[in-house]
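A.B. asks: Could you have a look at this structure, given as structure tokens, before my questions?
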Amino acid sequence: MSHSVRAARRRIQAEHVSIVDGIDACADAIADPWDTSRTTDGDAVADGLNRALEEAEILQLLPNVLADVVEATGHELQARPVPGPPYVVVTSCGPVLRATIEPGRLVVRFDAFDIVRNADPDRKPTYRRLDGIELKVSLE
């Protein structure tokens, strides 16, 4: 694990716990109405999570989290991030923050859902709620 990745992870864990908790609560709200522990509607997961994050006023805070994380790595952003692509994207797994810094692309994932692929290619994958948020930081 590189210094930049460690620094980014530590900053999120130390300074942005409320954001992680908020993402977790929004993901719970999406999964609570499901009849089972899974769904095959990935679009509903992504769209619902995006809407919930927006309503909870978390989505507009994610660019600030990204800027802070980049600062923690000792690098600078080339432009001011916005709550939309390419900096902030809400996928069917959860929010993803991306920034290009000197050593490469810094990617921060807040995974709230897991995709379970089926052996049968004709069947849709299923999405299940993870127990909490899996924070993944990488430099690509």
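A.B. asks: Among Val69, Val89, Val82, which is surrounded by fewer than 19 Cβ atoms within 10 Å (Cβ to Cβ) and closer than 28 Å to Asp131 by Cβ?
C.D. replies: Val89
A.B. asks: Looking at (1) in contact with a strand residue (DSSP E or B) (Cβ under 7 Å, 6 or more places away or on another chain); (2) buried (at least 20 other Cβ atoms within 10 Å of the Cβ), which is the only condition Ile58 fails?
C.D. replies: (1)
A.B. asks: What number of residues within the stretch 91-119 are among the hydroxyl-bearing types (Ser, Thr, Tyr) and under 20 Å from Leu49 (Cβ atoms)?
C.D. replies: Number of matching residues: 2.
A.B. asks: Arg38 is checked against (1) closer than 20 Å to Glu134 by Cβ; (2) open to solvent by 10 Å² or more (accessible area, probe 1.4 Å); (3) at pLDDT 95 or above and fails just one. What number does that condition carry?
C.D. replies: Among (1) closer than 20 Å to Glu134 by Cβ; (2) open to solvent by 10 Å² or more (accessible area, probe 1.4 Å); (3) at pLDDT 95 or above, the lone unmet condition for Arg38 is (3).
The values are calculated or read from the model by the stated rules, or taken from the named source; none is laboratory data. Small disclaimer: the values here were computed from a predicted structure and weren't measured. Neighbour counts are summed over all protein chains in view; Cβ atoms, including those assigned to glycine, are modelled from backbone coordinates with ideal geometry. The protein model used for the area step is the full one, side chains on, heavy atoms only, and it has no ligands, DNA or RNA in it. Shrake-Rupley method; radii C 1.70, N 1.55, O 1.52, S 1.80 Å.
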